Amino acid sequence: MPKIIEGKLNAQGKKFAIVASRYNDFITEKLVGGALDALSRCGAADPDVEVFKVPGAFEIPLVAKRVAMTQRFDAIICLGAVIRGATPHFDFVAAEASKGIAHVMMETGLPVIFGVITVDTIEQAIERAGAKLDNKGFSAAMAAVEMASLFQAV
Ligand code: INI
């Protein structure tokens, strides 16, 4: 039998930062709510969770990097909503947010989770900001908990 090393969905004693954009806040507030719900269900204590707000998804990577550099957190959850229908520069904002978030993760060595919705329509954004696992904020936070736990073993 191979030895399988994986994280547990236990957030007790771990610290999490959420970096969330205010653009399309009717969606991003639901993502933040989903993420907070997931962290609480996994046992994270309220004082161990901090939410940083930025204007738009384009600004998420820079703030995620500064937050990572404080070395106060076990994982960072990046949340945003980029909707093609509502923006002519969708491709630039979506690409910079995803590239930038990946870059911060590799540069800092901290789990930095990509919870930015990139969709064509408002309807699709609403679908991804629903309840529990249909909420991208919830699933992003679960990934953060798993990664923070895995990092105790690797
Ligand atoms: N930011 C978003 O998070 N989502 C969007 O859909 C969006 N649109 O539509 O343009 C958006 N733009 C703002 C951008 O993220 C920056 O905040 C802005 O360009 C200032 O740098």
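Across the options P47, F114, F26, the greatest Cα extent toward the positive end of the charge dipole of the chain (unit charges at beta carbon of Lys, Arg, Asp, Glu) belongs to P47. Each Lys and Arg Cβ is given +1 and each Asp and Glu Cβ -1; about its Cα centre, the stretch 110-154 then shows a dipole of about 160 debye. Percent of Cα pairs in the stretch 64-144 per distance bin of 10 Å, from zero to the largest separation: 19, 44, 30, 6.
Checking the cross-link pairs K53/K136; K15/K53; K30/K136; K8/K65; K8/K30 against a 20 Å limit on the alpha carbon distance flags K8/K65; K8/K30 as lying beyond it. Relative to the Cα centre, the charge distribution of the stretch 2-149, modelled as +1 at Lys and Arg Cβ and -1 at Asp and Glu Cβ, gives a dipole magnitude of about 320 debye.
Normalising the average separation of contacting C-alpha pairs (under 8 angstrom, six or more residues apart) by the number of residues puts the relative contact order of the stretch 19-122 at 32 percent.
Peptide packing: for 44-57, 140-153, 2-15, the average count of neighbouring Cβ atoms within 10 Å per residue gives the ranking 140-153, 44-57, 2-15, highest mean first. When each of L62, L79, L110 is scored by the number of other beta-carbon atoms lying within 10 Å, the sequence from fewest to most is L62, L110, L79. Taking the Cα centroid of the stretch 28-46 and of the stretch 130-154, what is the distance between the two, rounded to the nearest whole Å? Cα centres, the stretch 28-46 to the stretch 130-154: 10 Å.
Quote the Stokes-Einstein diffusion coefficient, in whole µm² s⁻¹, for the stretch 1-131, based on the Kirkwood radius over alpha carbon pairs, a temperature of 25 °C and a viscosity of 0.890 mPa s. Roughly 161 µm²/s, to the nearest whole number.
Of all aspartates and glutamates in the structure, the ones whose alpha carbon falls short of 20 Å from that of K99, not counting any fewer than 8 places away in one chain, are E59, D91, E107, D120. Neighbour counting of Cβ atoms within 10 Å sorts the residues H103, H89, fewest neighbours leading, into H89, H103. Roughly how tilted is helix 136-150, in degrees to the nearest 10 and between 0 and 90, from the longest Cα axis of the chain? Relative to the chain, helix 136-150 is tipped by roughly 30 degrees. Amide H contacts of I77 (H built 1.01 Å from N, in plane; Pro and chain starts excluded): A17, I18, V19, I113 sit under 5 Å, all sequence-distant by 5 or more or on other chains. About its Cα centre, the stretch 7-79 has a charge dipole of approximately 200 debye under the convention of +1 per Lys or Arg Cβ and -1 per Asp or Glu Cβ, with nothing else charged.
Between helix 60-69 and the chain there is an angle of about 20 degrees, using the helix long axis and the longest principal axis of the Cα atoms.
The numbers here are math on the coordinates, done by the rules we state, and not lab data. Keep in mind it's a predicted model, so treat the numbers as computed, not measured. All Cβ positions, glycine included, derive from the backbone under ideal geometry; neighbour counts span all protein chains shown.
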